[in-house]
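Here's the structure we're looking at; comments come further down.
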Amino acid sequence: MKTKVFKWVGILAVLAGAPLTQAQDAWIVGQSAPLTGSNAAFGKDIRDGALAWFKSVNARGGVGGKPIELVTLDDANDRKTAGANTQKLLTANGAVALFGYASATLSLDAMPQADKAGVLFFAPFSGANPVRQAPPVVFTVRASYADELEKMLTFWTGVGAKQVVVVHYDDEVGKQNLAVVVDYLKKQGKTPAAFSIQRNAKLDANNIAQLMALKPDVIISTVLSGPAADISKQIAARGAFVPTSSLSFVGAQQYITAAGEAAAGVSITQVVPNPTARLPVVAECAKAMQEAGMAQAMNSTHLEACIGAKVLTEAMRRSKKADARSLVASMQSLGRYDLGGFTVNYGPGQNHGSKFVELAMVTRDGKLKN
């Protein structure tokens, strides 16, 4: 069994551009991500953005002479599988940190395990309440969904939208996202309509008819790129247009690719700078991706993963030892860290590094413009 584990770690070390080492001689970073299934493009982009950065660090000698090895296990966007993967990463692989889980749902069974093991759970791709009100080992890079929703609702209510319809998943996290909108609009004497869907379910014409029957002035989407794209395309096929804003959770490039022409005019909140922005951190991450041999142009998911990987690397540099306990302590005392035009800030009781939110719109040529 031990031979198989080291063989698997070694293979992943090659993929990360790291020398072959045993787990105790490297910084093992564990990740469960959807590499297959309905959200595979998003999961692969998270992995690849982080992998590019870690490879660039390893090319410069690693951290404290030790390479960073990213071990990514496929969860196919399934909560139970993500939980089982987490157990493997903590026990068989000896991860000193867990990184870049693709949603709050995929994090639900993983965070308690990280807390019990005293292992850092870093940079999940979610601003939902479960990762904001989480155990002390959980640290985020991005703003909360409350921050994102306030940005988009301030805009739409400011231009006179009255009938707000929230598209959300019919599960624990989805209902919490709906509650954020309800609480915000309640202060204005308004109540949104809710349109719930099953996670990983396909939407048909009847679903869209039910959505349109709610007569939305604006649709607030809190779902992934697949269903969000289905909604946009089917509304367009009816010859209609409904103003729509999506949480960053949608995965901007993944949504644009899936929706095609129907994506035009949809606004998407962004929790990192535009991947075309002239900022040092953007240039660094784009260079890391290019040097890693990734032909795809860097998108916002790649950039967020790269930013998270860079923050984690800095915590490793400041850690007294290459172990889980020291890494958590390092994150707790990281303070203000400017990555090159994007700043995070951590400290005692401050586990959420950023409140950065921008509202960007998809143009007719499929670009995301702020």
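Restricting attention to region 182-195, report how many residues are in contact with a helix residue (DSSP H, G or I) (Cβ under 7 Å, 6 or more places away or on another chain) and either within 14 Å of V242 (Cα to Cα) or not in a helix (DSSP H, G or I) (or both).
Residues flagged as in contact with a helix residue (DSSP H, G or I) (Cβ under 7 Å, 6 or more places away or on another chain) and either within 14 Å of V242 (Cα to Cα) or not in a helix (DSSP H, G or I) (or both) within region 182-195 amount to 5.
Any idea which of (1) among the polar types (S, T, N, Q); (2) over 27 Å from V29 (Cα atoms); (3) in contact (Cβ under 8 Å) with a residue 24 or more places away in the chain; (4) part of a helix (DSSP H, G or I) is the one N206 doesn't satisfy?
Unmet condition: (3).
Kindly provide the set of residues from region 126-141 that are assigned to a loop (DSSP other than H, G, I, E, B) and farther than 21 Å from V266 by Cα, ordered by number.
Within region 126-141, A128, Q133, A134, P135, P136, V137, V141 qualify.
Taking region 104-131 as the region of interest, how many residues are surrounded by fewer than 24 Cβ atoms within 10 Å (Cβ to Cβ), modelled with pLDDT of 95 or more and more than 11 Å from G30 (Cβ to Cβ)?
Step one: filter region 104-131 for residues surrounded by fewer than 24 Cβ atoms within 10 Å (Cβ to Cβ), giving 105, 108-109, 111-113, 115-118, 129-130.
Still in the list and also modelled with pLDDT of 95 or more: 108-109, 111-113, 115-118.
Retained after the next criterion (residues that are more than 11 Å from G30 (Cβ to Cβ)): 108-109, 111-112, 115-116, 118.
Result for region 104-131: 7.
How about region 315-346: which of its residues are touching a Ser or Thr at 6+ places or on another chain (Cβ under 6 Å) and closer than 21 Å to V96 by Cα?
A315, R318, S319, K320, S326, L327, S330, listed by residue number.
The values are calculated or read from the model by the stated rules, or taken from the named source; none is laboratory data. Predicted model, so just to flag it, every value in this text is computed and none were measured. Virtual Cβ from ideal backbone geometry, glycine too; neighbours counted across all protein chains shown.
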